[in-house]
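**Q** Just passing along the structure, written as structure tokens.
The values are calculated or read from the model by the stated rules, or taken from the named source; none is laboratory data. What you see is a predicted model, and the numbers here were worked out from it, not measured in a lab. Please note: Cβ atoms are built from the backbone with ideal geometry, for glycine as well, and neighbour counts cover all protein chains shown.
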Amino acid sequence: MNSVPQIRILVVDDEREIIKAYQDILSPRNLPATAARLDQLAGKLFSSPRPRNQEIWPYFQLTCCQQGEEALAAVRESLKAQLPFSAAFVDVRMPPGPDGVWTASQIRQLDEMINIVIVTAHSDVSPVEIARRIPPLENLLYIQKPFHSHEIRQFATALSAKWQAERELRETNTRLEEQVETRTRELALTIEALEESNQQYRQTAQELQAAEAELRTKADDLAGSNLALQQMMGREKEIQRQVEDKVLFTVHEMVEPYLKKLRATSLDEAQQSFIKIAEANLQEITAPFMKGLAQRYFRLTPNEIQIVNLIRQGKTTIQIAKALNTSKRNIDFYRDRIRQKMGIKNSRASLKTVLKDLGEEFAPPVSLIRGRP
């Protein structure tokens, strides 16, 4: 019987004989003798004997009290020791102290899980009033004296099993609630961490957007500066070209003609020497400008550039030869050289048409149009 669970039962009755009856029914001192008497009785009542190994009645640990205050003290002590009662059998009339209804209501306030059985031969309180004062209904039973031993044992067994199941259910719910609370806290921490990560991500994204906007602004400023620099460089190149053209025009139109006229006059040898020196110096001054001009025009020589511009003006070979005071054969030679340098391989292609198609990009300086090679 040591393996059979011990369940605590509270008995409250002012009569010693009744308490002894509870002890004999629920917690007999000589369990083997009691079991033998039950088997002997079962053999007389039933055709087949009851198997001894199928004992279903648990062993109850009884606490017996004769007054209500004593019972309340026992309940308080059991709760303090964490050994609560599963059921309480309470008599209604227990003079000279408080009655059983009052005692049961006070027990209920101390322990809401305990099952209470009101036991009495006669009562001045109706069952409806008892139910109202000792809720809930599912934990309250009412039985009248005289009771049968099997009723008390069945009540104690069933109510204890019910109490044990409810207790396990409450413990399970408590564990589940604790797990839910733990998971909820973990989830809250996870959500908080995710929110913090999202906030950092949003902040980083905003910083990146601001950096990109700043880079775009700087890029726009740099593009504007590059454009302004290109325009400035273009203007400087244009000014440089204008200066070069002006220098060439001045030399060819305003200096060289007079030097030629001086050379045609009767000059002594020293004077002729001075003129040659002046022409050499002028050639040295204009040589860099002529080189740049030639590079701009397909690396043409100054004579070729002058012939190109006369062709663009619509002059024929004979007219060009007469204007440059040279032979038609020399002009044909220059025309072939110009075709080679400009990559005109088709002999049927009109050099005049090709040169006109170049437009303003091939516009020559005024000095080369008016001057002589």
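**Q** Within the stretch 115-125, is there a residue that is among the small types (Gly, Ala, Ser) and modelled with pLDDT under 90?
**A** Yes: one or more hits.
**Q** For the stretch 290-329, give me each residue that is among the charged types (D, E, K, R), assigned to a helix (DSSP H, G or I), more than 17 Å from Met342 (Cβ to Cβ) and modelled with pLDDT of 80 or more.
**A** Answer for the stretch 290-329, where residues must be among the charged types (D, E, K, R), assigned to a helix (DSSP H, G or I), more than 17 Å from Met342 (Cβ to Cβ) and modelled with pLDDT of 80 or more: Lys322, Lys328, Arg329.
**Q** With Arg185, Arg263 as the choices, which residue is on the phi < 0 side of the Ramachandran plot, among the basic types (Lys, Arg), modelled with pLDDT under 90 and not assigned by TED's automatic domain parsing to the domain that holds Ile344?
**A** That would be Arg263, the only listed residue that is on the phi < 0 side of the Ramachandran plot, among the basic types (Lys, Arg), modelled with pLDDT under 90 and not assigned by TED's automatic domain parsing to the domain that holds Ile344.
**Q** Within the stretch 105-130, how many residues turn out to be of a type in the set (A, V, I, L, M, F, W, C) and assigned to a loop (DSSP other than H, G, I, E, B)?
**A** Selection size over the stretch 105-130: 4.
**Q** Would you confirm whether any residue within the stretch 108-118 is touching a helix residue (DSSP H, G or I) at 6+ places or on another chain (Cβ under 9 Å), over 20 Å from Leu83 (Cα atoms), surrounded by fewer than 13 Cβ atoms within 10 Å (Cβ to Cβ) and touching a residue at least 12 places away in the same chain (Cβ under 8 Å)?
**A** Scanning the stretch 108-118 turns up no residue that is touching a helix residue (DSSP H, G or I) at 6+ places or on another chain (Cβ under 9 Å), over 20 Å from Leu83 (Cα atoms), surrounded by fewer than 13 Cβ atoms within 10 Å (Cβ to Cβ) and touching a residue at least 12 places away in the same chain (Cβ under 8 Å).
**Q** OK, next. Looking only at the stretch 64-92, count every residue that is out of contact with any helix residue (DSSP H, G or I) (no Cβ under 7 Å at 6 or more places or on another chain) and charged (D, E, K, R) and tell me the total.
**A** Total satisfying the criteria: 4.
**Q** On the given criteria, is Thr174 of a type in the set (Val, Ile, Thr), part of a helix (DSSP H, G or I), at pLDDT 90 or above and surrounded by fewer than 14 Cβ atoms within 10 Å (Cβ to Cβ)?
**A** On the way: of a type in the set (Val, Ile, Thr): yes; part of a helix (DSSP H, G or I): yes; at pLDDT 90 or above: yes; surrounded by fewer than 14 Cβ atoms within 10 Å (Cβ to Cβ): yes.
The answer is yes for Thr174.
**Q** If you go through the stretch 152-167 one residue at a time, do you hit one that is of a type in the set (Asp, Glu), surrounded by 10 or more Cβ atoms within 10 Å (Cβ to Cβ) and within 30 Å of Ile116 (Cβ to Cβ)?
**A** There is at least one residue in the stretch 152-167 that is of a type in the set (Asp, Glu), surrounded by 10 or more Cβ atoms within 10 Å (Cβ to Cβ) and within 30 Å of Ile116 (Cβ to Cβ).
**Q** Moving on. Which residues, counting only those in the stretch 255-272, are touching a helix residue (DSSP H, G or I) at 6+ places or on another chain (Cβ under 8 Å) and β-branched (Val, Ile, Thr)?
**A** Val255
**Q** Here is a further query. Given the structure, is Asp332 among the charged types (D, E, K, R), in the same structural domain as Leu355 (by TED's automatic domain parsing) and modelled with pLDDT of 80 or more?
**A** Criteria met by Asp332.
**Q** Looking at the stretch 148-160, is at least one residue under 30 Å from Val92 (Cβ atoms) and not in a helix (DSSP H, G or I)?
**A** In the first step, residues of the stretch 148-160 are kept if they are under 30 Å from Val92 (Cβ atoms); the result is 148-160.
Add one more test, that the residue is not in a helix (DSSP H, G or I), and what stays is 148.
Looking for residues that are under 30 Å from Val92 (Cβ atoms) and not in a helix (DSSP H, G or I), one finds at least one in the stretch 148-160, hence yes.
**Q** Is it fair to say Gln23 is at pLDDT below 95, in the same structural domain as Leu10 (by TED's automatic domain parsing), assigned to a helix (DSSP H, G or I) and over 22 Å from Ala158 (Cβ atoms)?
**A** no
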